[in-house]
Amino acid sequence: MRIVETSAALTLEAAEAIVSAAIRAGLKRGVNLNAAVVDQGGNLLAFLRAPGAFLESIAIAQDKARSAAGFGLSTDELASALKGDDDVYNGIALRAGVTAFGGGYPIRVEGILVGGVDVSGGSLDDDRGAAKAGLAAIGIGI
């Protein structure tokens, strides 16, 4: 019987590269965004806020990143999975810290879940695009 499991962890350097690239992508689109990266347990690793980004979007970015990491699904996929079943939706999506609308992505390296990312403060298209740009900065495509 194994007693200890070895796990992979996203580096601080990678987390910082993701949020930096995401914020720059938003600025190129003319949108001030908030970007968050969490580890596989949902703990905040890196956060960056563009000047003027919505303050309420700080918590939204962190919650969507946590939701993506916690469920191992994009928040778009989570929202789709919860549609049509009010009991499941109310039991999961209305829990504190869970967010079931688009823009959050799990971060997988070689198939291993190592965290989650989200960008918040723009349209869903802005948020998704910036999050994908952040992941692309470390060689992960969505």
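Dipole magnitude for the chain: about 320 debye, using +1 per Lys or Arg Cβ and -1 per Asp or Glu Cβ, origin at the Cα centre. Summary of packing: across the peptides 34-47, 115-128, 11-24, the per-residue average of other C-beta atoms within 10 Å ranks them, highest first, as 115-128, 34-47, 11-24. Could you work out how far the C-alpha centroid of the stretch 75-142 sits from that of the stretch 1-60, in angstrom? When both Cα centres are located, 12 Å separates them. Excluding ligands, DNA and RNA, what is the solvent-accessible area per residue of the chain at a probe of 1.4 Å, expressed in Å²? I get 52 Å² per residue for the chain. When a 1.4 Å probe is rolled over the protein heavy atoms, the share of accessible surface on the chain that falls to carbon and sulfur comes to 54 percent.
Cross-link reach is defined here as a Cα-Cα straight distance under 21 Å, omitting same-chain residues fewer than 8 places apart; for K28 the lysines meeting it are K132.
The values are calculated or read from the model by the stated rules, or taken from the named source; none is laboratory data. Bear in mind that the values here come from a model prediction, so they are computed numbers and not experimental data. Counting neighbours? That spans all protein chains shown, and the Cβs are built from the backbone with ideal geometry, glycine included. Surface accessibility is based on the protein's heavy atoms, side chains included, excluding ligands, DNA and RNA. Shrake-Rupley method; radii C 1.70, N 1.55, O 1.52, S 1.80 Å.
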